[in-house]
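Inspection log for the structure reproduced underneath, given as structure tokens.
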Amino acid sequence: MTDAVADIETDEPAKKSKMPLIIGVVLGLAGAGGGFFAVSSGLLPFGPSAAPKEEHMEKKAPEGMDKGESSEEIANLTYIEMDPIVITLRKSSGIHQLRFRAQLEVNLENQVEVETLLPRVTDVLNSYLRALELEDLTDPLALPKLRAQMLRRINIATGQGRVRDLLIMDFVLN
């Protein structure tokens, strides 16, 4: 009987090591990272950096890239100051107020038209800001998103192309 017990204990297979699996995963991740770096930095002849060299490109800026405004364009600009807007935001923790003041950047030829439509612009911004939640305003990246949304609404209210930009002077949450 003791021999039978001894045979049972020695018949167990030896445990396989997980070390080859771990080494394979680490090497796979390192290879993937190295391949990504090589393609994205232009070390390989394909990928996003395989664009033509600068010596073959024209000196003008590609579409979508702005070189800046010329002095004539800057001289043709004017700024229309909007009346300040104060919005009351209710939250379970209390009442907060948003104080908003902005200016509209317009071309000189559109100034009279935009000044005529200024009450409509104020109404659109008032409606938009009142619809916001307090959490929307406390996000660190909220101001660029809100600015883009407000400019889009202003362009709808005034007609596309009349207002070039929205310059936020005050955006204070009390």
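The values are calculated or read from the model by the stated rules, or taken from the named source; none is laboratory data. Note that this is a predicted model, so its numbers are computed, not measured. Positions of Cβ are generated from backbone atoms using ideal geometry, with glycine treated the same way; all protein chains shown enter the neighbour counts. The area values use the complete protein model at the heavy-atom level, side chains included, leaving out ligands, DNA and RNA. Shrake-Rupley method; radii C 1.70, N 1.55, O 1.52, S 1.80 Å.
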Considering only protein heavy atoms and a 1.4 Å probe, what is the carbon-and-sulfur percentage of the accessible area of segment 98-174?
51 percent
With a Cα-only, solvent-free Debye model of segment 65-174, what are the log10 I(q)/I(0) values at q = 0.10, 0.13, 0.20, 0.21 Å⁻¹?
-0.32, -0.52, -1.06, -1.14
Using a 1.4 Å probe and counting only protein heavy atoms, arrange M19, M150 so the residue with the most accessible area comes first.
M19, M150
Residues whose placed amide H lies under 5 Å from that of L89, excluding near-sequence neighbours:
H96, Q97, L98
To the nearest 10 square angstrom, how much accessible area does T122 have with a 1.4 angstrom probe?
40 Å²
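Quick one: putting +1 on the C-beta of Lys and Arg, -1 on the C-beta of Asp and Glu, what dipole do you get for segment 94-141 around its Cα centre, in Debye to the nearest 20? Numbers along the way, then the final one.
Values: 4 positive and 9 negative charges, 47 e Å.
That gives segment 94-141 a dipole magnitude of about 220 debye.
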Skipping prolines and chain starts, which residues have an amide H placed within reach, meaning under 5 Å, of the one on G42, given they are 5 or more residues away or on another chain?
S49
To the nearest 0.05, the calculated FRET efficiency linking T138 and I23 through their beta-carbon distance, R0 being 35 Å, is 0.15
